[in-house]
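See structure below.
Readers should treat all values here as calculations from the given coordinates under stated rules, not as data from a laboratory. Note that this is a predicted model, so its numbers are computed, not measured. As a convention, Cβ positions derive from the backbone with ideal geometry for all residues, glycine included, and neighbour counts pool all protein chains shown.
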Amino acid sequence: MISRSDYMDNSSELHHQYYSQFVTPSTISFVNSAIGLKKLQASDDPHLNDVVRWEQGGMTWLWDRSPINEKLCKELGEGMSRSTHTCVGKAAARIILEEAEK
């Protein structure tokens, strides 16, 4: 497990690993159903920002609704912000892409 403080000490190298630990089967299912493999594979953006649109006048977007392991977030010192949900959703998307390449 990677704690929030460990992640902050080396966030550039630990980003995917850190947020991947909060991915659940519900996260994978959400990304698969709301976005889908074809859109993920067609993305030209390294941050996957081109696969969903902003909602509610640019205040939120689909990534913000990604389910996360809230209990583990609390245990490791991570907050429940929209950015956390986005990073976990994108980690799930990368896991989906990695699995599709196998």
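Miscellaneous remarks
- Per residue of the chain, the DSSP helices (runs of n ≥ 4 H) give a summed -39500 (n - 2.57) that works out to -17000 deg cm²/dmol at 222 nm.
- log₁₀ of I(q)/I(0) at q = 0.24 Å⁻¹ - the range 8-66, Debye sum with one point per alpha carbon: -1.16
- Neighbours of Thr27 by Cβ distance under 15 Å: Lys/Arg scored +1, Asp/Glu scored -1, total 0.
- Rounded tilt (10° steps) of 11-20 against the dominant C-alpha axis of the chain: 70 degrees
- The lysines within cross-link reach of Lys90, meaning a Cα-to-Cα straight distance under 18 Å and a gap of 8 or more places when in the same chain, are Lys38, Lys39.
- Between Trp61 and Glu55, the built amide H atoms are under 5 Å apart, and every one of these is 5 or more places off in sequence or on another chain.
- Cα radius of gyration and Dmax for the chain (Å): 13.3, 38
- P(r) tail fraction, the range 40-96 - alpha-carbon pairs more than 15 Å apart, %: 51 percent
- Calculated from backbone phi, Karplus (6.51, -1.76, 1.60) coupling profile of the range 35-47 in Hz, x at Gly/Pro: 10, x, 4, 4, 5, 4, 5, 7, 4, 9, 9, x, 9
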